Amino acid sequence: MKSLTSIVTHFAKGITHSRVSLIGAMMVTVIFPFLLGAIFYDMIWGIQNTYVAALIYMVLGPGFIAGLILVFLGLFFFKGKEEVRLFTLEYLRDYFTDPAKFSRLRKLVFFAVFLTCINIFIMGLLAYRGYHYMESNAFCGQFCHTVMSPEYTAYQNSPHSRVACVECHIGAGADWFVKSKITGAYQLLAVMLDTFPRPIPTPLHDLRPATETCAECHRPEKFHGNRLVVNDHFDEDEQNTHRKNVLLMKIGSAGDRTTSPHGIHWHVSEDNLITYKASPDRTVIPEVTLHRPDGTKVVYRTPDAEEVLAQLGPNVVERTMDCIDCHNRPTHIYKMPGPALDRKMLEGIIPQELPYIKRKAMEVIQRDYASHDEARGAIATELNNWYRQNYADFIAANPGMLEQAIAGVQAAYLENVFPEMRITWGTYVDHISHTDDFSFEIGCIRCHNDMHETETGEYISMDCTICHEVLAQDEVRPQILKNMGFY
């Protein structure tokens, strides 16, 4: 016991005779109880506040490790004037070579092993919980609040909201994990220095290949047949007339043992390899090549292909078509004004019974606002004033309806427009469909526009029936839905 006490005494003296060790010891002593308690609390109950978790795993954790390193460096390399022989190589060599002294050295070894085991245990817990925190949705979407607020908001309202961010952005494997952390460190530095772009560009070139992400859950060769799609929208009249478009989408299959490739998923069949040349944002596609199973190629080019490719020069993108070329925003989906309001009205968040609400809402949400706070106030003030002036009796007879509508209109704006990040309606393009004006830079019209021609005069068709059949358009109660028993 006396020898052990002597060892502890020498250890303490070694620390006190080195300023570096003393600083490290103070850091460890102060941080250790808070860090250990916080880690156990997080493991049992979970820490919900992402900033508290960041303080633990990104400040206290590294601080604890830095303190241990300082203690070690001070004892062995930055000692004071008084020699601390207990922690010199000469002292250890003397005890290892003298059998009479070796038994006393064992207690020193046991003490060192005991401290090492405690530190390894704490650092193991820290590494385990820290890893899971830095892989969490809260860390990805909330830590850099202003920067990631648009993407996190869109993600929460998306079909993939129950899929963790890292499943697509990192996935399995060490290569992409390391790459993502290096990229993340650069992005964190950009946030600290306020040099990040506004809006954040879509990471077209930094995501894992679609075959390594989408195909983990989706198998195009197993898709079969057609799918009925009903798109609801509301007119801007007094009654907010509810209309429907009914489409029969030809989803098709990439092909398997029971069927050949057909329908929309024909594009991603292994038998129909498609490559193309495009602008960096993949909106302008002057050349498309179909590679057939027999080794032949069919090249489709626009009339101005040579000129466009020359203008793009080294910036031209040569790519093999996959899921992301159409499903380019499968999660971070931003809606246009009309669809955003239609969704809120369909869900009952904005009351359909409120006269002219679609028209008035379209007016107020398409105005420019400097911030979300300004938008909230302006939307509430304008809708309140207009309805009190024009439908005072209706509002009095239906208490709470206007307030509910205002909240719904505000939500439609706040979920899709972020002035601080310069994100407005249409900033991010979704290629899963096409707009009503059939823009050549949107969706399937980028290729299916009757402009891509082969040397023999074949075209990539613009025929709408290739992808879908229109069963009803702008109908209040479509007959096709009646026949199917929806009414």
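Observations on the structure shown:
- From the list E374, E363, E382, E420, the one residue that fits, being at pLDDT 95 or above, under 22 Å from S149 (Cα atoms) and of a type outside the set (A, V, I, L, M, F, W, C), is E374.
- Filtering L341, L402, L312 for residues that are in the same structural domain as H291 (by TED's automatic domain parsing), of a type outside the set (S, T, Y), in contact (Cβ under 8 Å) with a residue 12 or more places away in the chain and in a helix (DSSP H, G or I) leaves a single hit, L312.
- All positions within segment 204-237 that are more than 19 Å from R329 (Cβ to Cβ), in a loop (DSSP other than H, G, I, E, B) and either more than 27 Å from the chain's Cα centre (by Cα) or of a type in the set (K, R) (or both): R219, H224, G225, N226, D235, E236, D237
- Residues of segment 238-259 satisfying the condition of being assigned to a loop (DSSP other than H, G, I, E, B) and within 18 Å of P339 (Cβ to Cβ): N240, T241
- Residue match in segment 314-324 (condition: touching a Lys or Arg at 6+ places or on another chain (Cβ under 7 Å), modelled with pLDDT under 95, of a type in the set (V, I, T) and more than 30 Å from N137 (Cβ to Cβ)): yes
- Filtered by the rule that a residue be surrounded by fewer than 18 Cβ atoms within 10 Å (Cβ to Cβ) and within 19 Å of M421 (Cα to Cα), segment 126-143 gives a lone residue, Q142.
- From A174, A190, A154, residue being farther than 18 Å from E415 by Cα and modelled with pLDDT of 75 or more: A190
Okay, residues lined up against (1) in the same structural domain as D235 (by TED's automatic domain parsing); (2) farther than 30 Å from V298 by Cβ; (3) free of Cβ contacts under 8 Å to residues at least 60 places away in the same chain:
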position: A396; (1), (2), (3): no, yes, yes
position: N416; (1), (2), (3): no, yes, no
position: H434; (1), (2), (3): no, no, yes
position: I445; (1), (2), (3): no, no, yes
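- Sole residue being under 26 Å from V298 (Cα atoms) and surrounded by 13 or more Cβ atoms within 10 Å (Cβ to Cβ), chosen from V229, V268, V246, V191: V268
- H291 meets all of the listed conditions (1) out of contact with any Leu (no Cβ under 7 Å at 6 or more places or on another chain); (2) surrounded by fewer than 18 Cβ atoms within 10 Å (Cβ to Cβ) but one, namely (1).
- Comparison of Y413, Y428 shows that the only residue that is out of contact with any Leu (no Cβ under 6 Å at 6 or more places or on another chain), within 20 Å of P337 (Cα to Cα) and outside any loop (DSSP other than H, G, I, E, B) is Y413.
- So Y391, is it modelled with pLDDT of 90 or more, in contact with an Asp or Glu (Cβ under 6 Å, 6 or more places away or on another chain) and more than 19 Å from Q366 (Cβ to Cβ): no
- Between E236, E212, the distinction of being touching a residue at least 60 places away in the same chain (Cβ under 8 Å) and not small (G, A, S) belongs to E236 only.
- Within segment 334-350, at least one residue is hydrophobic (A, V, I, L, M, F, W, C) and within 30 Å of C447 (Cβ to Cβ).
- The set of residues from segment 231-262 being under 17 Å from C326 (Cβ atoms) and touching a helix residue (DSSP H, G or I) at 6+ places or on another chain (Cβ under 9 Å) comprises M249, K250, I251, G252, S253, A254, P261.
- Given (1) in the same structural domain as P261 (by TED's automatic domain parsing); (2) of a type in the set (V, I, T); (3) surrounded by 14 or more Cβ atoms within 10 Å (Cβ to Cβ), index of the condition V470 fails: (3)
- Hey, T456 surrounded by 14 or more Cβ atoms within 10 Å (Cβ to Cβ), in a loop (DSSP other than H, G, I, E, B) and among the β-branched types (V, I, T) or not: no
- Under the condition of being part of a loop (DSSP other than H, G, I, E, B), under 23 Å from D430 (Cα atoms) and without any contact (Cβ under 8 Å) to a residue 60 or more places away in the chain, the residues counted in segment 273-293 number 2.
The values are calculated or read from the model by the stated rules, or taken from the named source; none is laboratory data. A quick note: this is a predicted structure, and the numbers were derived from the prediction, not measured. Every residue, glycine as well, gets a Cβ built from its backbone with ideal geometry; the counts of neighbours run over all protein chains shown.
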